[in-house]
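Remarks on the structure that follows.
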Amino acid sequence: MWTYLARLILRRRYWNLGIILILISTMAFQAKKVTMSYEMTQMLPPTDSVSIVYEEFKNKFGEDGSVMFIGVKDPNLFKLEEFNAWYDLTDSIKQIDGVEGVLSISKIYYLSKNDSLKKFDFLPVFTEKPHSQEELDNKLKFVFSLKFYEDRLYNASSGFTMIAVTLDKEILNTKERVGLIYKLRDVCDNFGDKFGLEMHYSGLPFIRTITAKKIESELFLFVFLSLVIASVILLIFFKNWKIVAATMLIVVFTVVFVLGLVVLFGYKITILTGILPPLLIVIVVENSIFLLNKYHSEIIRHGNKIKALTRVVMFIGNANLLTNMTTAAGFAAFIVTGNQALIEFGIIASISIMVAYILTLFLIPIFFSFLNPPRVEHTAHLKKGIVTSLVYRIVHIVQFHRSIIYIVTTALVLIGIYGISKLKTTGRIVDDIPKSEKLYTDLLFFEENINGVMPLEISIDTKKPKGVLKLSTINKIEELQLVLGEYSELSKAVSVAEVVKFAKQAFYGGNEAMYALPNNQEKNFILQYVPKMQGNQRTIMNSFVDTSLQVTRISVQMANIGTTDIQRIKDELRPKIDSIFPPDKYDVKITGTSVVYLKGTNYLVKNLVMSLILALIVICILMALLFSSARMVLISMAPNLIPQIMTAAMMGFLAISVKPSTILIFSIALGISVDNAIHFLSRYRLQLRLNNWNIKISVIRALSETGFSMIYSSVVLFFGFIIFTLSSFGGTEALGYLIAFTLLVALLSNLFVLPSLLLTLDKRITTRRFSEPFLEIFDEELDIELDELEIEENDPRGHA
């Protein structure tokens, strides 16, 4: 088959080029339609109980994460000129398309008792800008008497106040949200510039938008850096601009294909799919290095260009197929996680890796069939240089100092096991933003003043229509609010109990001393004045109860704490809730974005562990097809599990938590790192047949031959991943240095540990079954004649 494929590629090169160009042009047309994702990542499947409860809550009360907070701390805000500018700012915000509601100290409402109609009128405190400082002071005195807003909208003692902007949730899930958020920020920044104030912004809509724009800008940065780094490394290794140009053209084709594929599947660019273009750049370069090294070695041996390119397809094309399949398997394992973002990532990544393989397999031979054979200086890297000396040194150590290799490896594994014991599983809703970023410091600003902006909701079903209006229920809600107030991580709660207190204060003419729950007699009078439910229109009442007055909510904001603390609070609250609301009479559920994130994180970590195990199984099956020997599969996997142990240990020592953004590293790294083992063992099996099953000579020669490509490809991969450390997202940054570290350890492990194990265990693992694979990487019978010649040309140190 591979002989036929080689002929097809080279004899039909014009047809192949035409088909590829048409395909890439089609994908380029699709790629122009690619868009960023602005939706909240769905961490749980829709069938999960926590997800179901959250959706039911949103259907009753609306989106809990659609409010943007604009805060400032300024004691001069209550001076006439600045306050009137704040009034204008609030009005300007209200006029922006996509803003559903605005609440600020200049647009604040109170309840006014209307005895003639026996109802409360919901009226603004400021109907126009105050004309004098005295008028403003009087109005503010009234505002500060409204306890409903105290420590929720303002803090009179610290000078903190904020604007809460409710945004249209339909716009929030489209690209229009970017313009909306930026317009809001620009309007507020103008106010801040005018009065020399630092404006602070937070809330999930703002955080998600700024994060998405950063992903978009970093995508272009990483693609550019990947191209530059890959070009420089190729130029250093091969000293040939034609090789660089050809490889970079294939890279461009691959990236275009990936972006087009995203559109064809109906997906959008997320923080995960955003790393695929630069990731595929290094994979294309890795494939190209193995193909080009084989091409150069063939030119050295016989000088026939077409014969060399044919043998490249026949031998390295086959080997690269398996290495790309194992890499794709590492990514495809994410498909079973149940998380939509990871499913999309797994599908696009695994398909794209195989497309990258096909493009390099076809285009490298085609491109170089049009070019002159490489000159002597272009193939010198295979005969002399730093890498050549390094490979010879490695061969010497493996031959004569294996005990040192085993001692060092054992020590590192023991240290690794200790480091793994220090691992912790946690994560935050806003977790991957650098502590120095304004986005993060603004989040801390709101935590300092109102204890947080992350939504936490408690849904209370009284199981009876109008059960919410019972004074006993309202008293229980107040009791639970007092419990919530004991947690410094939670903001001041808002509920129907606060609305009833607000109503009582209004009933007694605005007397702030009357901001308390009514007794049973007062309740009957006061509730007559409360606004009735008005269909879908959001009022002060139906913001907290459903239409049947059976279900109500308690809303709090939570600090950006870790999943461990969220779980602690949830576990501590449950028995307290059950003691206040007996489960046989009430159905109380804790929900909101914070709880969904907690369950989603635990769910993802569990499923990502399963995906890692699945990837390991799939890779082992692929290795078994290649080597037909269970012992050899175990030996080949052992050196590639050591890097996983060391990376997990590194996370433990550096206090990097196990969370969705870090655990996916292991599946990716495993799929890539095992490539070197495949190339080495494939060549080792060939050398066994060439050397009449002399294991020692076969190991040394296989290591001498594959060492170059293993080092070259690992250097490209290392620098290809290390660029992700420039990301402003902690998860992407961790992915960069952790995978780079894993691949570095994997290279050392495959260069030192794997050949050492083969030499030490000798014939106990190298059985005749090893020479009879299900999947043939090299056609040894075809390769044997020219390889005999190559043996003579090898350094005599290979004959140890």
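The values are calculated or read from the model by the stated rules, or taken from the named source; none is laboratory data. Being a predicted model, the structure only gives us computed values, none of them experimental. Because the Cβ atoms are built from the backbone with ideal geometry, glycine has one as well, and the counts that use them run over all protein chains shown. When the accessible area is computed, the model is the full protein with side chains, heavy atoms only, and any ligands, DNA or RNA have been set aside. Shrake-Rupley method; radii C 1.70, N 1.55, O 1.52, S 1.80 Å.
Using only the Cα atoms of segment 159-284, build the gyration tensor, take square roots of its eigenvalues as a ≥ b ≥ c, and label the shape rounded, prolate or oblate: rounded if a/c is under 1.5, else prolate if a/b is larger than b/c, else oblate.
In terms of gyration-tensor shape, prolate.
Could you report the chain's accessible area per residue, 1.4 Å probe, as an integer in Å²?
Result: 40 Å² per residue.
Give a residue-ordered list of calculated ³J(HN,Hα) values for segment 345-362 (Karplus: 6.51 cos²θ - 1.76 cosθ + 1.60, θ = phi - 60°; whole Hz; x for Gly, Pro).
Listing the rounded values in order: 4, x, 5, 5, 5, 5, 5, 5, 5, 5, 5, 4, 4, 5, 4, 5, 4, 7 Hz.
If amide H atoms are built 1.01 Å from N in the plane of the peptide, which residues on other chains or at least 5 residues away come under 5 Å of the amide H of VAL658?
The answer is LYS424, THR425, THR426.
Calculated from DSSP H runs of 4 or more alone, at -39500 (n - 2.57) each and per residue, what is the 222 nm mean residue ellipticity of the chain, nearest 500?
-21000 deg cm²/dmol
Rounded to the nearest percent, how much of the accessible area of segment 191-252 (1.4 Å probe, protein heavy atoms only) is carbon and sulfur?
Answer for segment 191-252: carbon and sulfur cover 73 percent of the accessible area.
Using a 1.4 Å probe and ignoring any ligands, DNA or RNA, find the accessible area of SER92 and quote it in Å² to the nearest 10.
SER92 has an accessible surface of roughly 50 Å² with all protein chains in place.
Multiplying the sequence separation of ASP189 and SER488 by 0.36 nm and subtracting their Cα-Cα distance, what value in nm do you get?
Here the segment from ASP189 to SER488 would lengthen by 104.6 nm.
Hey, what does the equivalent ellipsoid look like for segment 428-535, semi-axes from the Cα gyration tensor as sqrt of 5 times each eigenvalue, largest first, whole Å?
Gyration-tensor ellipsoid for segment 428-535: 34, 16, 13 Å.
Summing Lys, Arg as +1 and Asp, Glu as -1, what charge do residues with Cβ under 11 Å from the Cβ of TYR684 carry, TYR684 excluded?
+3
What full-extension length gain, to one decimal in nm, is calculated for GLU216 and ILE22 as 0.36 nm per residue of separation minus the Cα-Cα distance?
67.1 nm
Residue by residue, what Karplus-based ³J(HN,Hα) values in Hz, rounded to whole numbers, does segment 122-138 have, using 6.51, -1.76 and 1.60 with θ = phi - 60° and x for Gly and Pro?
9, 10, x, 5, 10, 8, 7, 5, x, 9, 8, 5, 5, 5, 4, 4, 5
Taking all protein chains in place and a 1.4 Å probe, what share, in percent, of the accessible surface of segment 17-139 do carbon and sulfur account for?
52
Which log10 I(q)/I(0) values, to two decimals, does segment 58-113 give at q = 0.15, 0.20 Å⁻¹ under the Debye formula with one point per Cα?
Here the Debye-derived log intensity ratios amount to -0.59, -0.90.
At 7 Å along the Cα-to-beta-carbon direction for both ASP565 and MET354, put a label point, then send me their distance in nm to one decimal.
In this crude label model, ASP565 to MET354 measures out at 4.6 nm.
I'd like the chymotrypsin sites (Phe, Trp or Tyr not before Pro) in segment 248-329 restricted to DSSP loop residues with at most 16 other Cβ atoms within 10 Å, sorted by number.
Here the chymotrypsin sites (Phe, Trp or Tyr not before Pro) that fit, given the DSSP loop and packing criteria, are PHE265.
Put ILE415, ILE460 in order of accessible area, largest first, 1.4 Å probe: what do you get?
ILE415, ILE460
When all alpha-carbon pairs of the chain are counted, what percent fall beyond 41 Å?
The calculated P(r) of the chain puts 45 percent of pairs beyond 41 Å.
Could you give P(r) for segment 152-229, binned at 10 Å from zero, as whole percent values over all Cα-Cα pairs?
The percentages, shortest bin first, are 15, 36, 29, 15, 5, 1.
List, in order, the whole-Hz ³J(HN,Hα) value for each residue of segment 688-694 obtained from phi through the Karplus relation with A = 6.51, B = -1.76, C = 1.60 and θ = phi - 60°; use x for Gly and Pro.
So the Karplus estimates, Gly and Pro as x, are 4, 6, 5, 10, 6, 6, 7 Hz.
Within 10 Å of each candidate Cβ there may be at most 11 other Cβ atoms; applying that plus a DSSP loop requirement, which trypsin sites (Lys or Arg not before Pro) in segment 1-74 survive?
The qualifying sites are LYS32, LYS33.
Taking the 0 to 90 degree range and rounding to the nearest ten, how far is the long axis of helix 780-793 tilted relative to the main principal axis of the chain, both from C-alpha atoms?
The helix 780-793 is inclined about 70 degrees to the chain.
Tell me, what is the Rg over Rh of segment 5-128, with Rh the Kirkwood radius over Cα pairs?
1.33
Can you pull the three principal axis extents for the Cα set of segment 539-595, in Å, largest first?
36, 29, 12
So what does the Cα-only Debye profile of segment 268-418 read at q = 0.10, 0.13, 0.17, 0.20 Å⁻¹, as log10 I(q)/I(0), no solvent term?
With no solvent term, the Cα-only Debye profile gives -0.56, -0.84, -1.03, -1.10.
As a test, work out the antiparallel percent of DSSP beta bridges whose residues both lie in the chain, rounded to the nearest 5.
DSSP beta bridges in the chain are roughly 95 percent antiparallel.
May I ask you to derive the FRET efficiency for GLU572 and LYS129 from their Cβ-Cβ distance with R0 = 41 Å, giving the value to the nearest 0.05?
Result of the calculation: an efficiency of 0.30.
Heavy atoms only, probe 1.4 angstrom, no DNA, RNA or ligands counted: give me VAL715, VAL284 ranked by accessible area, highest first.
From most exposed to least exposed: VAL715, VAL284.
Give me the percent of the accessible area of segment 393-436 that comes from carbon and sulfur atoms, probe 1.4 Å, all protein chains in place.
Of all accessible area on segment 393-436, carbon and sulfur atoms account for 66 percent.
For ARG7 and GLU437, what is the calculated FRET efficiency with R₀ set at 60 Å and r taken between the beta-carbons, to the nearest 0.05?
Between ARG7 and GLU437 the formula returns 0.60.
So how much accessible area does TRP693 have, in Å² to the nearest 10, using a 1.4 Å probe?
Solvent-accessible area, nearest 10 Å²: 40 Å².
Using a basic spin-label model with each label point 7 Å from the Cα along Cα→Cβ, how many nm lie between LYS466 and THR174?
4.3
Quick check: the angle from helix 438-450's long axis to the longest principal axis of the chain, C-alpha only, nearest 10 degrees?
Once rounded, the angle reads 30 degrees.
Could you sort CYS620, CYS188 by their accessible area in this structure, using a 1.4 Å probe and putting the largest first?
CYS620, CYS188
Using 0.36 nm per residue, how much length does the chain from LYS424 to VAL408 gain when fully extended, once their Cα-Cα distance is taken away?
Extending this stretch completely gives an extra 3.1 nm.
Just to confirm the number: angle between the C-alpha axis of helix 520-529 and the first principal axis of the chain, 0 to 90 degrees, nearest 10?
Between the helix axis and the principal axis of the chain, the angle is about 80 degrees.
I'd like the accessible area for LYS118: 1.4 Å probe, protein heavy atoms, all chains in place, Å² to the nearest 10.
110
For LYS119, which sequence-distant residues (separation of 5 or more, or a different chain) have an amide H within less than 5 Å of its own amide H, given hydrogens modelled in the peptide plane?
Under 5 Å from the amide H of LYS119: ASN114.
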